[in-house]
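Q: My questions will all concern the structure given below.
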Amino acid sequence: MNNLQEGAQKDITLHENLQHVSTQMHHHHTHTSDSMHTDGHHLLQVEHLSISFERYASQGSFFASEREQVHSARDLSVSVHAGEILAVVGASGSGKTLLADSILGLFEPNATVRGRIWFDGKPQTAETLAQLRGHGISLVPQSVNYLDPLMRVGNQVQGWCSSAANRAERERKQQELFKRYGLDLSVANLYPHELSGGMARRVLLCCALMDNPKLIIADEPTPGMSLDLAVRAMDDFRFFADAGGGVMLITHDVELALRVADRVAVFKDGTVVEETAADNFSSEETLQHPFSKALWRAVHAWDKGGESHA
């Protein structure tokens, strides 16, 4: 059951006619001084998203067990502006990847979804979000296993080509992306198992950028990378945002995210407990929620003790 379509039919004019200014609190968040509202709206706006899954109750016999609803996201609201990186931080299992799947229109058959999602000023349904996947919204996935082990890297980045002319154009774009992100053109002829971890991550980023998205969702894009490579990956997202795109950076590494993020959404138990400017993580006193303050203390414990507990 999916009620995104019902939400999409609500009053569009009321939503978009709000005056979006830096000091104003609206749509459940404040802004940084550089927050941009291209054409008067957010790039992405998720409002009051709730997701539950139907399952069999653990009590009772196998054949007589009743069904129950398990709530994985409750009243979740979050936004991304053009030209910014929003870091979504929190513990594993708090619902961050579920949020990414929702924005991409990936809903399980046993899911009940309520709320509203807007992209580039337009209300979305599950069907229209699926159409935007790879055509406006791109994913940089958590695992390099998303790469097909039996296909050369260049062909994977180029994707499906409708004609010889289209193939030539997509090959040109792939080469341009490889140069931008420090990949030798010869990498196009390699298979995924021949890539280093850092190279594979950059190939995934090139895949995401191939069709000129407006929004990138990066779901834990740096696991297993050295600090140097992870920082370079963050710089890649910063480059994309500075060029006018939006990035939702999903990560449990608060310290790394704060290197590049403009704003931070703090996740706990399936919802956003605080969405604030990244600069507010410079002091515990400028944070509002107890869990945000706990994250701040965890990050700064690294500075004092030489070991991160985030």
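Q: Determine, yes or no, whether R238 is under 18 Å from the mean Cα position of the chain (by Cα), among the charged types (D, E, K, R), part of a helix (DSSP H, G or I) and modelled with pLDDT of 90 or more.
A: It is true that R238 is under 18 Å from the mean Cα position of the chain (by Cα), among the charged types (D, E, K, R), part of a helix (DSSP H, G or I) and modelled with pLDDT of 90 or more.
Q: Now, a different point. Assess whether D75 counts as being open to solvent by less than 70 Å² (accessible area, probe 1.4 Å) and acidic (D, E).
A: For D75, the condition - open to solvent by less than 70 Å² (accessible area, probe 1.4 Å) and acidic (D, E) - is not met.
Q: Among the residues of the range 197-220, which ones are in a loop (DSSP other than H, G, I, E, B) and either closer than 20 Å to H81 by Cβ or among the hydroxyl-bearing types (S, T, Y) (or both)?
A: Hits for the range 197-220 are N212, P213, K214.
Q: For the range 66-92, which residues satisfy the criterion of being β-branched (V, I, T) and under 25 Å from L256 (Cα atoms)? I'd like the intermediate steps shown before the answer.
A: As a first pass, look at the range 66-92 and keep what is β-branched (V, I, T): 70, 78, 80, 85, 88-89.
V78, V80, I85, V88, V89, listed by residue number.
Q: Please specify each residue of the range 108-167 satisfying the condition of being hydrophobic (A, V, I, L, M, F, W, C), closer than 14 Å to C206 by Cα and surrounded by fewer than 19 Cβ atoms within 10 Å (Cβ to Cβ).
A: Listed by number, the list holds a single entry, V144.
Q: So, of the residues in the range 241-287 that are touching a residue at least 60 places away in the same chain (Cβ under 8 Å) and assigned to a helix (DSSP H, G or I), which turns out to be surrounded by the fewest Cβ atoms within 10 Å (Cβ to Cβ)?
A: D242
Condition check ((1) touching a strand residue (DSSP E or B) at 6+ places or on another chain (Cβ under 7 Å); (2) within 19 Å of L215 (Cβ to Cβ)) across all residues:
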position	(1), (2)
W118	yes, yes
Q131	no, yes
I137	yes, yes
S143	no, no
Y146	no, yes
V153	no, no
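Q: Another question, if that's okay. Here is a check on your reading of the model: is A188 under 21 Å from G134 (Cα atoms) and at pLDDT 95 or above? Spell out how you get there, then give the answer.
A: Working: under 21 Å from G134 (Cα atoms): yes; at pLDDT 95 or above: yes.
Judged against the criteria, A188 is a match.
The values are calculated or read from the model by the stated rules, or taken from the named source; none is laboratory data. Since this is a predicted model, take the numbers as computed values, not measurements. Note that we place each Cβ from the backbone using ideal geometry, even for glycine, and neighbour counts take in every protein chain shown. Heavy atoms of the whole protein, side chains included, go into the accessibility calculation; ligands, DNA and RNA do not. Shrake-Rupley method; radii C 1.70, N 1.55, O 1.52, S 1.80 Å.
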